[in-house]
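The next block holds one structure in the form of structure tokens; read it before the comments.
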Amino acid sequence: MEIFKIAVTGNVGAGKTTFIRTISEIEVVDTERRTTDETASWKKTTTVAFDFGRLTLNSDQVVYIYGTPGQSRFDFMWDIIINQANAYVLLVAAHRPQDFRGARRILAFMNQRVQIPMVIGLTHMDCEGAWEEDDIALALGFKNLDNCPPIINVNADVPNSVAQCLITLLEQLIPVPVA
């Protein structure tokens, strides 16, 4: 059995837990707790350790999906999760530009530890004030968009949207057979 370990990371409220719950074939293991910091005004719970879900691709391949906490005070979990991952998704809430600096820090943190395939998933693109893809890429530090990882619009509540994000990521991991 081939197991692909995928990390889903991003700021608080980017949609990590929802992303995993939407696609997992098992009941998601989560560590949601009542929010006690400044995010309590707009989010009741937050992940404090990790989320875990699973998706079977076929009889020989399965995907384990690990979600990181969003707060930097839990970065020890980021380290544990990313060092076991084969690839990762950075979720960015496109309507909250005040979070882009934090997303850029998460990206730098991950890239300092591993060089693995990744995609950027833009959530909340349907919300007022959502930034455009190219502008978010620049805010994340990608000055040359030709060297930017794939950027996907993701609705974390919609299974097909989450699946398309994972397909884009897995295409970087699984070689396509040559006929």
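Computed from the coordinates by the stated procedures, all read-outs in this text should not be read as laboratory data. Computed from a prediction, not measured in an experiment: that's the story for all the values here. As a convention, Cβ positions derive from the backbone with ideal geometry for all residues, glycine included, and neighbour counts pool all protein chains shown.
Laid out as a table, the results:
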quantity	calculated
Cβ-based exposure ranking for ARG101, ARG96, ARG54, in which fewest neighbours within 10 Å come first	ARG101, ARG54, ARG96
Neighbourhood net charge (13 Å Cβ-Cβ; Lys/Arg +1, Asp/Glu -1) for ILE174	-3
Extension reserve of the GLN115-LEU138 stretch, reckoned as 0.36 nm per residue once the Cα distance is removed	6.3 nm
Nonlocal amide H pairs with VAL63, under 5 Å, H built at 1.01 Å	PHE4, LEU55, THR56, LEU57
Of ASN155, ASN144, ASN86, the one that fluctuates the most in a GNM where the chain has Cα springs shorter than 10 Å	ASN144
